[in-house]
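Take a look at the structure set out below.
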Amino acid sequence: MQGILSKARFGMLAVAICLFPACAGQSIIPLDIEKQVDQTLSFAQVKDAPATHVGKLMVLGGEILDATRLKDRTRLTVLQLPTGRNHEPAMDRTMSRGRFLAFQTEFLDPATIPSGTRITIVGKISGATTELLDEMEYTYPTVTIEFLKVWPEAMQIPPRAGRYGFPYYGYPYWYAGPYWGPYGFYGPYRFIYW
């Protein structure tokens with residue numbers, strides 16, 4: 001009996017080990033490109049000294065501020081955002097460490113990536129460019145895009161209208177009745193569950 005139980009445990013362990021990689025999910029970045037990415041490189045390092053990192057590949061997340069079609073490429077001005085699970089950029093703009101310029105050499109219509117679009121790119125660092133940002137000079141790190149992922153817009157669900165026009169923000173019930181009171185003292189409680 002003990003031998004049967006140990007074999008059953010071993011079999012369950014083997015199945016769990018085989019299924020674990022499938023549950024972990026796959027990276028959005030193609031494997032051949034991901035192998036070349038410098039995982040230790042941060043945006044802050046590149047921003048401080050872009051010339052020392054020229055030619056390295058890195059993953060960058062951000063939000064499009066502007067997209068312009070040039071004669072031979074498309075230029076993206078991007079607000080950098082840290083990436084989380086599966087390299088998806090954060091939603092909070094206050095987490096940004098600055099801006100960068102990304103260049104796509106293949107045709108990319110700016111209309112397909114309007115301002116506010118969140119993206120993740122694998123870019124080859126090409127240096128830096130200094131331009132006017134409002135009334136000051138700003139140095140943008142520049143990258144050439146090797147891989148581009150456009151994220152869908154975040155869903156924002158408006159609150160449902162409850163009884164008497166008050167907004168409903170997801171609580172499991174709402175109160176009905178002309179008067180509210182403990183234990184129905186001023187009027188009966190009625191619960192409507194969603």
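Restricted to segment 124-169, and to residues that are of a type in the set (A, V, I, L, M) and more than 25 Å from the chain's Cα centre (by Cα), which residue is modelled with the lowest pLDDT?
Checking each candidate, the answer is A161.
Of all strands (runs of 3 or more DSSP E) completely enclosed by segment 26-110, which ones contain at least 1 residues that are in contact (Cβ under 8 Å) with a residue 60 or more places away in the chain?
Qualifying strands (runs of 3 or more DSSP E): 57-69, 74-81.
Please state which of the following conditions E63 fails to meet, knowing it meets all the rest: (1) over 20 Å from E153 (Cβ atoms); (2) modelled with pLDDT of 90 or more; (3) not hydrophobic (A, V, I, L, M, F, W, C).
Going through the list (1) over 20 Å from E153 (Cβ atoms); (2) modelled with pLDDT of 90 or more; (3) not hydrophobic (A, V, I, L, M, F, W, C), E63 breaks only (1).
Name, by its number, the condition in (1) surrounded by 14 or more Cβ atoms within 10 Å (Cβ to Cβ); (2) among the charged types (D, E, K, R); (3) over 15 Å from the mean Cα position of the chain (by Cα) that does not hold for K35.
(1)
The values are calculated or read from the model by the stated rules, or taken from the named source; none is laboratory data. Bear in mind that the values here come from a model prediction, so they are computed numbers and not experimental data. Glycine gets a Cβ as well: all are built from the backbone with ideal geometry, and neighbour counts include every protein chain shown.
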